[in-house]
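The values are calculated or read from the model by the stated rules, or taken from the named source; none is laboratory data. Just so it is clear, the model here is predicted, and its values are computed rather than measured. Every residue, glycine among them, receives a Cβ derived from its backbone with ideal geometry; neighbour counts consider all protein chains shown. Just the protein is used for accessible areas: all its heavy atoms, side chains included, with ligands, DNA and RNA removed. Shrake-Rupley method; radii C 1.70, N 1.55, O 1.52, S 1.80 Å.
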Amino acid sequence: INKRGGVFGKTYKGVSFKIKIIFRTNSTMQKKDKFEQAYKLRGQDKYFNISVLWIYYFPYLLRILYILKIPHELVTLISIGFGVLSAYILYTFTSYYELILVAIFLHLKDLFDACDGSLARLTGRGHRIGRFMDSIGDLFVITLFILAGTLRLDEFGYPGFVTWCLGGLTWLSLFLQC
């Protein structure tokens with residue numbers, strides 16, 4: 001039996017019977033199944049990921065990106081762009097209201113970062129370069145963000161040695177968690 005159905009034959013007392021069975025599925029059910037392949041883990045392999053608490057709506061953005069046929073590489077570049085913009089504003093802010101922009105752009109970076117790999121799996125066009133671009137982009141953004149925070153602390157008059165040690169230890173601790 002395939003997903004659409006099949007023809008079954010049976011002979012009973014010299015008479016053959018053919019029964020055609022057709023399975024009809026709802027088109028939204030098929031789309032839902034299609035979007036299930038966007039996730040890294042399926043079914044019982046899924047686990048609670050804390051990041052879904054603040055980007056719980058990323059499947060909606062994923063659907064929009066899929067419908068607009070935006071390549072996952074472009075989504076990765078958009079994510080990196082939001083991260084770089086966030087780090088730049090963190091380094092150059094003059095009022096504390098600009099820190100709200102830092103938080104918004106960093107959130108958008110996380111949102112698009114969650115969508116790029118899912119979009120690659122969904123379209124079946126993922127490749128190694130995309131994985132490396134995503135990982136190196138995350139490393140670049142996190143490094144810029146820590147560097148911007150360290151430089152700002154240095155400008156605010158904190159002892160240079162202390163701020164650079166804290167920045168270096170922060171960077172090191174983030175990458176030792178892997």
Scan the range 59-100 for residues that are small (G, A, S) and part of a helix (DSSP H, G or I) and jot them down. S79, G81, G83, S86, A87
Of (1) touching a residue at least 24 places away in the same chain (Cβ under 8 Å); (2) surrounded by fewer than 16 Cβ atoms within 10 Å (Cβ to Cβ); (3) not polar (S, T, N, Q), L74 satisfies every one except (1)
Which residue is nearest to L65 (Cα to Cα), if the candidates are limited to the range 127-142 and must be open to solvent by less than 50 Å² (accessible area, probe 1.4 Å) and modelled with pLDDT of 90 or more? D134
Take the range 101-126 and flag every residue that is β-branched (V, I, T) and either outside any helix (DSSP H, G or I) or crowded, with 19+ Cβ neighbours inside 10 Å (or both). V102
